[in-house]
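Shown next, in structure tokens, is the structure this report addresses.
The values are calculated or read from the model by the stated rules, or taken from the named source; none is laboratory data. In this text the structure is predicted, and so the values were computed from the model without any measurement. So basically every Cβ, Gly included, is an ideal-geometry build from the backbone, and we count neighbours across all protein chains shown.
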Amino acid sequence: MYRRKIEEKLRQWKDNKDHKPLVIKGCRQCGKTSSAVDFAKKNYKHIIYLDFHEHKEYKSFFSGALDVDTLTLNISAGIKGAKFVSDNTCLILDEIQECPNARSSLKYFKLDGRYDVICTGSLLGVNGYKSKEEQEEEDNASIPVGFEQTITMYPMDFEEWLWANGIEQQHIDYLSNCLRNEESVNEGIHLRMRQLLLRYAVVGGMPEAVSTFLKTNNMNDVLDVQHGIIDTYKADMLKYARQEDKSRIRECFDSIPAQLAKENKKFQYASIRKGGRSNQYIGSLQWIEDAGIIHRCYNTSITELPLSGNAIPDVFKVYMTDIGLLVSMLEEGTGASILLGNLLGYKGAIFESLAADILCKMGRNLYYFLKEGGLELDFLIRYKGECCPLECKARSGNAKSMQTVLKHPEHYHIFNALKVGDYNIGRNGALLTIPFYMLFLIKEI
């Protein structure tokens, strides 16, 4: 079990004496269940684990009365060794979306207060997408509004990847100090971090892919895992989508690599299918986003805060939430090229997608700026209270659009900028260049 940031959130949840039953939601196979079980083992004497996907029969425990005494009686009778002890028991309800009555029972567990409950569920199920069978069950159930707390979990981020590879806090503190003081990183550490970044770009943050890589060091094995996860997503498209939407969702999903490979990476419905229009595919794209598979990066009308207020709703790019899954969908051999240091493929799409992965797993929404006439900034972020352009350039050449906005602060209201790429720390006036692997340290807002 690798160290995950959600552990601190779980600890804060438990330390709150008035905590509610917890629902951890996230995309498929991002580590929800393993994190919940690992935390429970460390903090409770008694753990009862119910997986509603693997054991459909467990749903019968919740088919009658939902008061806690009845439920604990049913569960302890049906699960060998299940023991409920007040204030020292954690009930884990895995794949909670497959048992709507179990979701309804959270209200009664909260009101009773004797036992802690942690639930896990896919974003689709928890957010209201149901298979036909689940919808029939939910018609007689209710969401316990006000009686549950939710946490959204992502695949492992770059910092968690560093932890898994043996990078300790003292090393991260060293990098933070280099960034703060704008001092070059020691060459040995710089090369090691660069290597880990390239590997992360191929492996990504799906826990099974990370575990497979660290155990076998074999990228073919990693690719098999990633393709299996993609197949799981496609299976969800068949399970949760309406019959009339299934083919369009699949078309949207399959078009993502080609969308990013264009010179102009704006998402275009006509690129899904010749003559495609937004009214045909807008719901399909929303479905993929709700599943946690993608994040949108919105164009802004001006380079000013607030970025969300200046976003143009129907002009956006689409990036995969996990860079490793994206690379697994690209042409064979792409991963090998990346490991050799080539992040320039697909007209810069890999480089930008890597930045999007790191930013969105930090909890940042994604924005960019494109102006008629060609001025384009890869990303806009809020940094140190300002609107700050973030350019992704593999080499140390000039970023023309960046130079333009910095030369005209009276028009663009940009006073500082960041550029990330394959180089060490340096500054040129208002432009700070940093190695790509430092992007996760740009936390100050």
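The set of residues in the range 363-377 being within 16 Å of Asn310 (Cα to Cα) and within 24 Å of the chain's Cα centre (by Cα) consists of Arg364, Asn365, Leu366, Tyr367, Tyr368, Phe369, Leu377.
This table checks each residue for (1) over 29 Å from Val203 (Cβ atoms); (2) of a type in the set (S, T, N, Q).
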{"position": "Val225", "(1), (2)": "no, no"}
{"position": "Thr232", "(1), (2)": "no, yes"}
{"position": "Asp245", "(1), (2)": "yes, no"}
{"position": "Glu251", "(1), (2)": "no, no"}
{"position": "Pro257", "(1), (2)": "no, no"}
{"position": "Glu263", "(1), (2)": "no, no"}
{"position": "Phe267", "(1), (2)": "no, no"}
{"position": "Arg273", "(1), (2)": "yes, no"}
{"position": "Ser278", "(1), (2)": "yes, yes"}
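Between Ile350, Ile381, Ile414, the distinction of being buried (at least 18 other Cβ atoms within 10 Å of the Cβ) and part of a loop (DSSP other than H, G, I, E, B) belongs to Ile414 only. Which condition breaks for Ser337 when tested against (1) outside any loop (DSSP other than H, G, I, E, B); (2) at pLDDT 95 or above? Going through the list (1) outside any loop (DSSP other than H, G, I, E, B); (2) at pLDDT 95 or above, Ser337 breaks only (2). Residues in the range 67-114 that are assigned to a loop (DSSP other than H, G, I, E, B) and closer than 30 Å to Ala291 by Cβ: Glu95, Cys99. Candidates Asp87, Asp116: the one that is acidic (Asp, Glu) and surrounded by 15 or more Cβ atoms within 10 Å (Cβ to Cβ) is Asp116. Of all residues in the range 317-333, those satisfying the criterion of being over 17 Å from Gly292 (Cβ atoms) and either crowded, with 20+ Cβ neighbours inside 10 Å or assigned by TED's automatic domain parsing to the domain that holds Arg28 (or both) are Lys317, Val327.
Under the condition of being modelled with pLDDT under 85 and part of a strand (DSSP E or B), the residues counted in the range 123-163 number 0. Filter the range 284-305 down to the residues that are outside any strand (DSSP E or B) and among the aliphatic types (A, V, I, L, M) and list them by number. Within the range 284-305, Leu285, Ile288, Ala291, Ile293, Ile302, Leu305 qualify. The one condition from (1) at pLDDT 95 or above; (2) over 20 Å from the mean Cα position of the chain (by Cα) that Arg273 does not meet is (1).
Only a single criterion out of (1) in contact (Cβ under 8 Å) with a residue 24 or more places away in the chain; (2) more than 23 Å from the chain's Cα centre (by Cα) is not satisfied by Ala291, namely (2). Each residue in the range 353-378 was checked for being of a type in the set (S, T, N, Q) and surrounded by fewer than 18 Cβ atoms within 10 Å (Cβ to Cβ), and 1 pass. Criterion first (outside any helix (DSSP H, G or I), among the charged types (D, E, K, R) and either closer than 22 Å to Glu352 by Cβ or assigned by TED's automatic domain parsing to the domain that holds Leu344 (or both)) does Glu183 satisfy it? The answer is yes for Glu183. Scanning the range 260-270 for residues that are assigned to a helix (DSSP H, G or I) and either exposed (fewer than 15 other Cβ atoms within 10 Å of the Cβ) or hydrophobic (A, V, I, L, M, F, W, C) (or both) gives Leu260, Ala261, Ala270.
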